[in-house]
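Every number in this text was worked out from the coordinates using simple rules, so none of it is lab data. This is a predicted model, so every value here is computed, not measured. Quick reminder, even Gly has a Cβ in these numbers, built from the backbone with ideal geometry, and neighbours come from all protein chains shown.
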Amino acid sequence: MNSDSKRDLDPAAERARALERAFVQSNANDMAGIQAALEAHDGRTIAQHAHRILGAALVLRERALSDAAQRLEAEVSSETLSWDSVGTRIESLSQAVVAYREKAERSTR
């Protein structure tokens with residue numbers, strides 16, 4: 001039996017892959033919500049989506065993703081909110097989400 005076959009039979013590995021897939025889908029949904037909220041200049045909704053990403057990223061120990069989500073959440077919660085800065089933070093978070101998705105896809109091959 002090769003290592004791929006063993007991995008396929010490992011329940012813990014399958015649970016980890018299922019969790020990664022769920023997180024990737026959740027991130028996609030949250031990023032869509034963030035984009036819609038940005039268009040509406042709805043900082044509260046942006047913060048809620050960023051916080052969801054942050055929480056899951058912390059559980060999965062995904063530092064780059066959690067840092068980007070935390071920076072966005074802080075930016076939209078700032079009393080000196082700048083929508084240009086929010087857009088920049090969203091772009092950074094989007095890049096971190098893409099990097100995580102690509103990492104997750106590589107790990108399921």
Test Arg106 against the criterion of being exposed (fewer than 14 other Cβ atoms within 10 Å of the Cβ), among the basic types (Lys, Arg) and either in contact with a Phe, Trp or Tyr (Cβ under 8 Å, 6 or more places away or on another chain) or over 18 Å from Gln25 (Cβ atoms) (or both), and give yes or no.
no
For region 35-45, check the following and say yes or no: at least one residue is surrounded by 12 or more Cβ atoms within 10 Å (Cβ to Cβ) and closer than 29 Å to Arg106 by Cβ.
yes
